[in-house]
Amino acid sequence: MIIYEATKTEFISDVINELLVERLYQSYQEKVGRTSKQEIVSWENSLQRMCNVMQDREIPHDASVAIEFKIPNTSKRVDFIVAGSSGEQDHVVIVELKQWSEVEKITSQDGVVKTFVGGRLNALPHPSNQAWSYAALIKDFNENVQEKQIQLEPCAYLHNYRS
């Protein structure tokens, strides 16, 4: 299930014209049910930042964008996907979006970091590890990805983080 899909050009237009969040909200209501105010605020903040990223001229105008892709048979959702083809190879970039401004390394655990979420410091999956696990699930269980040898590239974008 995908909550929103469009081309790069349509996505940028929906953000600039302030239509995207309403479209996401309506689609989410139809496909999933109610959503929290916190999720709506998250969409507003993160997707504006992704709009800035997507304006890169090297990303083709007809690249596909998908938001809130639910990985089948799991409760996991990919925040943002960009897909396209080089003409010879299909590519999909999986983006895990985080609004975190601070992150602490946890040396005693692999793939886990500490950050301030929900009013307190929490140990959470590292966003890059989270994106990688989504790519691994999709690669392992999606016949289309396997047969067409679609290149999956996971990444994380912590747009509020400053080093």
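The values are calculated or read from the model by the stated rules, or taken from the named source; none is laboratory data. All values reported here derive from a predicted model rather than from experimental measurement. Reconstructed Cβ throughout: ideal geometry from the backbone, glycine too, with neighbour counts over all protein chains shown. Quick note on the areas: whole protein, heavy atoms, side chains included, nothing else; ligands and nucleic acids left out. Shrake-Rupley method; radii C 1.70, N 1.55, O 1.52, S 1.80 Å.
Here are the numbers for the structure shown:
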read-out	value
For the chain, the spread of Cα positions along each principal axis, largest first, Å	44, 37, 33
Estimated [θ] at 222 nm from DSSP helical runs (n ≥ 4, -39500 (n - 2.57)) normalised by residues in the chain, nearest 500	-11000 deg cm²/dmol
Binned Cα-Cα distance frequencies in the range 12-79 - 5 Å width, integer %	3, 14, 25, 26, 18, 10, 4, 0
Added length on full extension, which subtracts the Cα-Cα distance from 0.36 nm per residue, Glu5 to Cys155	52.1 nm
Solvent-accessible area of Ser101 with every protein chain in place, 1.4 Å probe, in Å² to the nearest 10	70
Amide H contacts of Glu96 (H built 1.01 Å from N, under 5 Å, at least 5 apart or other chain)	Cys155, Ala156, Tyr157
Residues whose placed amide H lies under 5 Å from that of Asn160, excluding near-sequence neighbours	Trp100
Length-normalised contact order for the chain - Cα pairs under 8 Å, 6+ apart - percent	21
Test item: Cα-centred dipole of the chain, Lys/Arg +1 and Asp/Glu -1 on Cβ, debye	680
Under 27 Å from the Cα of Lys31 - lysines, other chains or at least 8 residues apart	Lys8, Lys70, Lys76, Lys98, Lys139
